[in-house]
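The values are calculated or read from the model by the stated rules, or taken from the named source; none is laboratory data. Because the structure is a prediction, the values reported are computed rather than measured. Because the Cβ atoms are built from the backbone with ideal geometry, glycine has one as well, and the counts that use them run over all protein chains shown. Areas reflect the complete protein model, heavy atoms only, side chains present, ligands, DNA and RNA absent. Shrake-Rupley method; radii C 1.70, N 1.55, O 1.52, S 1.80 Å.
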Amino acid sequence: MLSFLKSALYTLLLLTILSPASAQQRFTISGSIEDEESGEKIIGASVFDLKSKKGTTTNTYGFFSLSLPPDSVDLLISSLGATPVKMKIKLDKNISLDLKLKSSTQLQTVEITEDRLERIEERSQMSMIEIPIEQIKSIPALLGEVDVLKVIQLLPGVQSGAEGTSGFYVRGGGPDQNLILLDGAPVYNASHLFGFFSVFNADAIKNVDLIKGGFPAHYGGRLSSVLDITMKEGNMRKYHGEGTIGIISAKLAIEGPIIKDKCSFIVSGRRTYIDLLAQPLIKKQTGGMGAGYYFYDVNAKVNYILSPKDRLFLSVYTGDDQFYAKQKSEYSDLNTDFQSTSTYRLGWGNLTSTARWNHIINDKLFANTSFIYSKFRFLTDIEQLDEVTSSGVYQKNEFNLKYLSGINDASGKIDFDYHPNPDHYIKFGIGDMYHTFNTGATQYKMANTGTASVDTSMGVDDVYAHEASAYIEDDFLITGNLKVNGGIHTSLFHVQDENYYSIQPRISARYLMDKGWSLKASYATMQQYIHLLSNSTIGLPTDLWVPSTKTIKPEFSQQVAAGFAKSLFSEKYELSIETYYKKMDNILDYLEGANFMDSQQKWEDKVDAGQGWAYGTEFFLQKKKGKFTGWIGYTLSWSKRQFPNINEGRVYPYKYDRRHDMSVVLSYKTKDGIDFAVTWVYGTGNSISLPIAEYPASGWSPAGNVNGGGFMGQGYDPSYAGTIQYYGDKNSFRMAAYHRLDVGINFTKEKAWGTRTWSIGAYNAYNRKNPFFLYSGYTDTGKKVFKQVTLFPIIPSISYSFKF
């Protein structure tokens, strides 16, 4: 392991030293760009020399470096949602600049003839979508809960799972093939409320990027997408707060300086109160049984400036879902007093923490060192206590059954950004992650008065693994028209004395054509060493994370994509058209009838490894600035699977194979503090398996007494006469098409203490009866038919938000 890391690091340093740089004398303008009001660093701000037509952008921490020949420089500094700034500089030495941009909610009124935000056609990166957080907040949401993942589902190439859930499937991939990062920490279960809400509180988020293909080399470990979410850093100059009170939950975020212009913080929290509202009704309906459900999450971050070249960050997220039920029963007569208490608990949650040190080594080289911890756990707990006093003799019986699974990660990495000249932007780095997998353990305890107690655990031992990685990439301009991002991501996975190596080449390029059009193409290979086993359709927390082992090989994919991009109408709109093909190998699925609760059977014996294909074309037109914003997206796609022991080895459609998928998202702000938002979505129905025939099966009992022996299970029983259903090919039927309309309106008013907003909306505004699942039933005349279950009718929402 150590030799691999050393060799990789030496290789990266050698490649960096030998990287091309102009022999001409140059001086460097470097520094950072921040928001003038809050002091937060701005991601992706443009620094452009209008004279030489050379420029760069800030990295995730607001750092930039631009090396130019000695001359007078006419800089234009700009960022989405900020007023551009012009400045003239005489470049005869290296210059350090810390620049501030003023927020502008009406950027379109600023009279600057050369607004040099990096245009979509100029970027070598393709298959990437950036969504402003304010746009996310304006989109109508289920029950008024602003949800980052539900907005992601509205993008082309991204599909939702079951209606209302926050799981997402990118270009034919599974949910485990999405690398979800929160301040660099992987999030393994991103759902609350059994999948209906995500764990991300929009009030704590600064930036959201989704990459669907053409992956840069600094990302690795998943096949289908990267969702990179950056938390706010906290206001360095003033105290601010914002919160929302909605139908099912409330949230509050507070930020401000600990030491003005030196150290800041942000803390945000959210909790549902479904349990508090519903518990009296539940007790009344169940005769005293207490039950409830709630979730909460907390985000916190501290940002400390050590020196002009050094900055520390510490960010933490914790969240939990808890379902609980408790029931008591009592019985008394002349000789006996009996009392029984039953408790049920289902809980799952995440904990992530990231410690980062940013260091500016020199005016061209920036380093970020990170230490990251991530944990996901799932627990089922059943307890029963029986207490009996009979004829003066007291006896107590206790029973406890627990099921536990989860994954823990501890990692460290260092990443470098190197700017030798404006034609090259080099990134390289190295890291190691230590995984601990709990692949399912059952604990059983029983104690009776006067008898020996039983305390035993069943299940496989924890599995430990190292995942080391190293990468180098260069975003370089070959000619004025041709720009390429090329790189290599290498990785090593060590588990159970087995080593898996991978060298993954990545390349994406753009070529500027006439009339502002850009031709783009990419090729990327990805290797994935961890897998998610799921036999549900709504992303329940019972989904089990497992590693590659001696018998289970890593997943591998190759993806090629090509398309066109162009900025339209004075660069207010971005248009992209992409087509892609992806091949996936060694993907896993449960064998039919497998049960995750069976701890005595190894999970490797419950799964089958196979292959998948996905291909399609995506259309995306987006407007990100101005009073009127939104997008139109359309995807035409195919997604298929093949496993040796599923569907008799034949190819079948993936359950989320969706031929047509379309979304229209529109938002408009008026001058008097009112903004309107409308979302309309359409999708081909999900693929499902339905029985196509049934026949009598006398003597075969699917469950019950077999041969009169009292054994519960399948077997021969001469007295039983029933039917057996034949399903035919897997996923050979489709549910009805899905479509719905969401609407929302916000009324914002300035107050002496800040601003308040009333939000009113409706989910599924025209009450479309979309299918959630189908089941077999009978009509009034006795005819057997398939019946549809609809989960969400029209759902109105109202919420009150405030800022101070």
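Being in a strand (DSSP E or B), of a type in the set (S, T, N, Q) and free of Cβ contacts under 8 Å to residues at least 60 places away in the same chain is the filter here; which residues of segment 756-786 pass it?
THR757
Can you find a residue in segment 546-562 that is in contact with a Gly (Cβ under 8 Å, 6 or more places away or on another chain) and at pLDDT below 95?
No, segment 546-562 has no match at all.
Yes/no matrix, rows are residues, columns are (1) touching a His at 6+ places or on another chain (Cβ under 9 Å); (2) surrounded by fewer than 17 Cβ atoms within 10 Å (Cβ to Cβ); (3) aromatic (Phe, Trp, Tyr):
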{"site": "GLY728", "(1), (2), (3)": "no, yes, no"}
{"site": "HIS739", "(1), (2), (3)": "no, yes, no"}
{"site": "ASN746", "(1), (2), (3)": "no, no, no"}
{"site": "GLY754", "(1), (2), (3)": "yes, yes, no"}
{"site": "TRP758", "(1), (2), (3)": "no, yes, yes"}
{"site": "GLY761", "(1), (2), (3)": "no, no, no"}
{"site": "ASN764", "(1), (2), (3)": "no, no, no"}
{"site": "LYS769", "(1), (2), (3)": "no, yes, no"}
{"site": "TYR775", "(1), (2), (3)": "no, yes, yes"}
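Return yes when SER353 is modelled with pLDDT of 90 or more and either closer than 23 Å to SER405 by Cα or open to solvent by 40 Å² or more (accessible area, probe 1.4 Å) (or both) and no when it is not. Lay out the reasoning, then the answer.
Numbers: modelled with pLDDT of 90 or more: yes; either closer than 23 Å to SER405 by Cα or open to solvent by 40 Å² or more (accessible area, probe 1.4 Å) (or both): yes.
Judged against the criteria, SER353 is a match.
Could you grab me the full set of residues in segment 125-173 that are of a type in the set (S, T, N, Q), closer than 30 Å to TYR425 by Cβ and not in a loop (DSSP other than H, G, I, E, B)?
GLN135
Of everything in segment 82-94, what is in contact with a Pro (Cβ under 7 Å, 6 or more places away or on another chain) and either under 28 Å from PHE313 (Cα atoms) or surrounded by 19 or more Cβ atoms within 10 Å (Cβ to Cβ) (or both)? Give them in sequence order.
Result: LEU91, single match.
State the number of residues belonging to segment 627-653 that are part of a loop (DSSP other than H, G, I, E, B) and buried (at least 21 other Cβ atoms within 10 Å of the Cβ).
0
So the check is Cβ under 6 Å with 6+ separation or different chains; which pairs have a first residue in segment 228-249 that's more than 19 Å from VAL199 (Cβ to Cβ) and at pLDDT 90 or above and a second one that's assigned to a loop (DSSP other than H, G, I, E, B) and not β-branched (Val, Ile, Thr)?
Matching pairs, first to second residue: GLU233/GLU40; ASN235/SER38; MET236/GLY39; MET236/ASP261; ARG237/GLY39; GLY241/PHE804.
Tell me which residues, restricted to segment 46-66, are on the phi > 0 side of the Ramachandran plot and β-branched (Val, Ile, Thr).
Those that are on the phi > 0 side of the Ramachandran plot and β-branched (Val, Ile, Thr): none in segment 46-66.
Just give me the residues in segment 77-89 being within 37 Å of the chain's Cα centre (by Cα), within 15 Å of GLY31 (Cβ to Cβ) and of a type outside the set (Val, Ile, Thr), in sequence order.
SER79
How many residues, within segment 470-489, are small (Gly, Ala, Ser) and open to solvent by 30 Å² or more (accessible area, probe 1.4 Å)?
Total meeting the criteria: 1.
Being touching a Lys or Arg at 6+ places or on another chain (Cβ under 8 Å) and either within 24 Å of ASP415 (Cβ to Cβ) or open to solvent by 30 Å² or more (accessible area, probe 1.4 Å) (or both) is the filter here; which residues of segment 35-62 pass it?
Residues satisfying the conditions are ASP35, GLU36, GLU37, GLY39, GLU40, ILE43, SER46, GLY55, THR58, TYR61, GLY62.
Could you tell me whether ASP608 is without any contact (Cβ under 8 Å) to a residue 40 or more places away in the chain and open to solvent by less than 20 Å² (accessible area, probe 1.4 Å)? Even if it seems obvious, please write down each step before you answer.
On the way: without any contact (Cβ under 8 Å) to a residue 40 or more places away in the chain: yes; open to solvent by less than 20 Å² (accessible area, probe 1.4 Å): yes.
Yes.
Looking at LEU99, is it part of a strand (DSSP E or B) and either open to solvent by less than 20 Å² (accessible area, probe 1.4 Å) or at pLDDT below 80 (or both)?
In short, no.
Any residue at all in segment 381-404 that's in contact with a Ser or Thr (Cβ under 7 Å, 6 or more places away or on another chain), buried (at least 16 other Cβ atoms within 10 Å of the Cβ) and at pLDDT 90 or above?
no
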